[in-house]
Amino acid sequence: MAAPLEGIHVLDLSWVMVGPASARYLADMGADVIKVESSKRIDPVRTLGPFKDGKTGPERSVSYHNLNAGKRCVAIDIRHPEGREIVLRFAQWADVVLESFTPGVLETLHLGYSDLSQRNDRIIMASTSLLGQTGPYAQGTSGVGTMGAAMSGATHQIGWPDREPAGPWGPWTDAVTPRFIVASILAALHRRSRTGKGCYIDVAQAEAGIQFMLPAYYEYAANGTIPERRGVAGSPLQAPQGLFPCAGADRWIAIDASAPTAWEALRVVIGGDLRDAKFDTIIGRLRNRVELDAAIASWTQKQEAEAVEHRLQAAKVPSHVVSTSGDLVRDAHLLEARHLNKINDPVFGEADIEGPRFSLDRTAMAATRRGPRIGEHTKEVLAAVFGMSAAEIAQLGEAGVLA
Amino acid sequence: MLDDVRVLEISAPETMLAGRMLADLGADVVVIEPPAGAAGRRIAPFLDDIPGIERSLTWQALNYNKRGVTLDLFSADGKALMRELAAKFDVVIEAADASRQSPLDAIEFSPRLVRCTITPFARTGPKSEYASTDLTVMAASGAPVMTGDLDRSPFFFPVPQAMMEAGADAAIATLAAILARDGDGLGQRADVSARIAAMMGSFGQAIFPGSGNPEPKRTASTMTIAGVQVPSVYECADGFMLITIAFGPVFGQMTQRLAKWAAEEKRLDQRVAEINWPSFIGDLSTKKTSPSDLQALIDGLKSLALSKSKAELAEASRRLRLLASPVMNMKDVAEYIQYRERGLFASVSVEAGREIDVPARFAQFSNYSIEIKRPAPGLSEHTAEIFATELGLSKTEVQALFVAGEI
């Protein structure tokens, strides 16, 4: 069966992570996604690792492929008047347009929603930026996902009390925001199929991040408590629950035996000090948490993390190795799910990238293909979409429009 | 936008955000809980730090805009009522875990129904029977091992995250199946693995080995450049500020502007401020610059940050076009004029007579607005109403179900 978005055309004017990751969701669902990039101003994600075999180069970033799998790429200088006209013509072709410029830039280029919707009033256009398109600080504000994490209240809560906040890993809101963009676009596509109405969608990355932190926001808004960083994993209301060291450098196991049945099972597996009567009750385990954690750690630290996971899972104790990249590529679940897919790139050869984030049992998702090279499909797409002749395309090339 | 879509959500921590996102986008979402209440009602924090079945703030945050019923899906009566209800809805969202089979497996559904199932790992295969909680699923995502300082244990979020990651992807998977159904009228099953959803936040940890790269190690928020520790988080007068220090022709200009301001504020030597920061890295090799210059810059910035408030530094960041933001706590978020004036917040009741403003509008639309139309349902709040309108049960029949413990 056809993938759910088969026949949907997406123009991806975005770069780095949030926009491209959103468009990747749509490509995975079968949409025809055309990424617009200029060799004069390449997607900065091409400067981010991992690079194949650690050697840098604009066509060697594997992260780029992970974010742009399954798309085609047309090289256009959108600041050139004829380049701008091509973008407007793509707007007539497109069902969905995504962009992540600093707010105000596209309007300056006369490529904002009002310009695009004039050509195609059914278009669904999504803009994403750190703070959104409206409000006192929106226009002209650029940002990255570490800033989104800081402004969503996440960074403040992750760290050791005796050190400055460490924050979440990486540009965190770049992973959170695409979910809200994609859900909004899909809802808009559903409405359009009934009403013919398109729309403009504005998603602020810092605001999207707050959604994943909402319980902590409520803690302040309802209780007046400002949640602070507290270091260790695990809830102060549940024990044992946390991370425990294993044999080897920086090896950890996450164990959550706070539920009574899991606790009894853990007690049987580890035995020893855990049999002490002071750990018999929930209140006892919380009051003696330091000793409890120490007793579990003294058992885990002599063993390999995988071995601990297997022994505890055999007893139905919730547990998992704190997975490293090496663990992930060997992971039985991910192998069975075929989550990693081999790509073969003409520039650097083979690498692994991730597959779709969910599966459907009737309408397949699109097969995972590598991302495009800069301008790889320019001629093919201009000929197929606009019926341009080779001579017209060559002329645009000479004029510097297709760079 | 989804006003013709009707969703039954069999409540679990992982379904809560999925149902709420769909409800925010206009779907009619009915959450089904066991008679004793859903697991989400026992997740901290609690209103006024007093526990209670109606007091979980996590429940409230992730269930507004829904109606709620109770039903024992493991009983024969519960299954029969569920089958009848499902016939009137478009979507069922559930989370199945290893400890129990989905009660929905025994029910024959209409071919038009979209059934979205969230599992910790997968419905079948390796690890499908793993005992899991939010913490252990997050551990498997590849993100925590990269979070924090290498000399101490990795970090996890203080707010459960696997349920957020899985819930958000379940909303997307459900919508994908709805769009497929818009085309051919047929439903299907959508499967979301909480572990794979959470891997989104690992930023491709899994692609390192296959691209011929060593395993990355966590480094917290500090980079080492030319032997100098370059932090990204700086203590300021009333908290912390995130400041990105970068070099090169584009981003290096920000460092230049920042250095100039630090010198104006007498926190940095004029000579250091005048160094060509965009070309600093290249100039190291020709000895035009030295690591001690970078150290002087960092020391100057630390001193500058300490002398200013978050608000003053944020103002400077806008004026000097820096990649810098205040490290906001939830009070800062609640008071931030940008969020306020943009219309992020909507008001919701947390108990009778007590309303708070919450960040509700995760997206803004030219011709639709996310609103909070109703607070999270109280336990069984809409059971009688929904069983009467959807299933035509009489008042006597609804009472009979209650007496029997089915609702």
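Assorted remarks:
- Those residues of the range B:309-334 which are among the charged types (D, E, K, R), more than 8 Å from chain A (Cβ to nearest Cβ) and either within 24 Å of B:P359 (Cα to Cα) or surrounded by 22 or more Cβ atoms within 10 Å (Cβ to Cβ) (or both), in sequence order: B:K310, B:E315
- Residue match in the range A:359-372 (condition: surrounded by fewer than 20 Cβ atoms within 10 Å (Cβ to Cβ), in contact with a Lys or Arg (Cβ under 7 Å, 6 or more places away or on another chain), within 27 Å of B:T117 (Cβ to Cβ) and not hydrophobic (A, V, I, L, M, F, W, C)): yes
- For the range A:233-249, filtered to residues that are surrounded by fewer than 21 Cβ atoms within 10 Å (Cβ to Cβ) and within 7 Å of chain B (Cβ to nearest Cβ), the residue that is modelled with the lowest pLDDT is A:S235.
- Of the strands (runs of 3 or more DSSP E) lying entirely inside the range B:65-174, the ones with 2 or more residues being of a type in the set (D, E, K, R) are found at B:66-70.
- Matching option when the condition is within 28 Å of A:E398 (Cβ to Cβ), part of a helix (DSSP H, G or I) and touching a helix residue (DSSP H, G or I) at 6+ places or on another chain (Cβ under 7 Å), among A:R46, A:R24: A:R46
- When A:A221, A:A216 are checked against the criterion of being free of Cβ contacts under 8 Å to residues at least 12 places away in the same chain, among the aliphatic types (A, V, I, L, M) and at the interface with another protein chain (Cβ under 7 Å from one of its Cβ atoms), a single residue qualifies: A:A221.
- The residues listed here are A:R369, A:R338; of these, the one that is out of contact with any strand residue (DSSP E or B) (no Cβ under 6 Å at 6 or more places or on another chain) and either at pLDDT below 95 or not assigned by TED's automatic domain parsing to the domain that holds A:K35 (or both) is A:R338.
- Consider the range B:78-109 and keep the residues that are small (G, A, S) and within 14 Å of chain A (Cβ to nearest Cβ). The one that is nearest to B:A170 (Cα to Cα) is B:A95.
- All conditions but one from (1) more than 7 Å from chain B (Cβ to nearest Cβ); (2) at pLDDT 95 or above apply to A:P161; the one that does not is (2).
- Selection status of B:G252, in contact (Cβ under 8 Å) with a residue 12 or more places away in the chain and buried (at least 20 other Cβ atoms within 10 Å of the Cβ): no
- A:D202, sole failed condition from (1) within 7 Å of chain B (Cβ to nearest Cβ); (2) assigned to a loop (DSSP other than H, G, I, E, B): (2)
- Selection status of B:R271, within 26 Å of A:G143 (Cα to Cα) and among the basic types (K, R): no
- Residue in the range B:178-192 that is under 22 Å from the mean Cα position of the chain (by Cα) and more than 7 Å from chain A (Cβ to nearest Cβ) present: no
- Qualifying position, being surrounded by fewer than 24 Cβ atoms within 10 Å (Cβ to Cβ) and within 13 Å of chain B (Cβ to nearest Cβ), among A:A315, A:A307, A:A295: A:A315
- Residue check for A:G145: free of Cβ contacts under 8 Å to residues at least 24 places away in the same chain, in contact with an Asp or Glu (Cβ under 9 Å, 6 or more places away or on another chain) and in the same structural domain as A:E85 (by TED's automatic domain parsing): no
- Filter pass, A:L189 being more than 9 Å from chain B (Cβ to nearest Cβ), part of a helix (DSSP H, G or I), hydrophobic (A, V, I, L, M, F, W, C) and over 23 Å from B:M138 (Cα atoms): no
- A:D256 being within 28 Å of the chain's Cα centre (by Cα), surrounded by fewer than 19 Cβ atoms within 10 Å (Cβ to Cβ) and within 30 Å of A:A175 (Cα to Cα): no
- Under the condition of being more than 13 Å from B:G26 (Cβ to Cβ), outside any strand (DSSP E or B) and either within 15 Å of the chain's Cα centre (by Cα) or more than 7 Å from chain A (Cβ to nearest Cβ) (or both), the residues counted in the range B:352-368 number 5.
- Close pairs (7 angstrom Cβ cut-off, 6 or more residues apart or separate chains): outside the structural domain of A:L109 (by TED's automatic domain parsing) in the range A:4-19, part of a loop (DSSP other than H, G, I, E, B) and β-branched (V, I, T) anywhere: A:P4/A:T363
- Hey, A:V182 buried (at least 24 other Cβ atoms within 10 Å of the Cβ), at the interface with chain B (Cβ under 7 Å from one of its Cβ atoms), under 26 Å from A:F358 (Cβ atoms) and among the β-branched types (V, I, T) or not: yes
- As a summary of the residue check, A:F101 satisfies the conditions (1) surrounded by fewer than 22 Cβ atoms within 10 Å (Cβ to Cβ); (2) touching an Asp or Glu at 6+ places or on another chain (Cβ under 9 Å); (3) farther than 30 Å from A:E350 by Cβ; (4) of a type outside the set (S, T, N, Q) except for the one numbered (2).
- Single residue of A:R229, A:R267 found to be touching a residue at least 40 places away in the same chain (Cβ under 8 Å) and either in contact with a strand residue (DSSP E or B) (Cβ under 7 Å, 6 or more places away or on another chain) or buried (at least 16 other Cβ atoms within 10 Å of the Cβ) (or both): A:R229
The values are calculated or read from the model by the stated rules, or taken from the named source; none is laboratory data. Remember, predicted model here, so these are calculated numbers, not experimental data. Note that we place each Cβ from the backbone using ideal geometry, even for glycine, and neighbour counts take in every protein chain shown.
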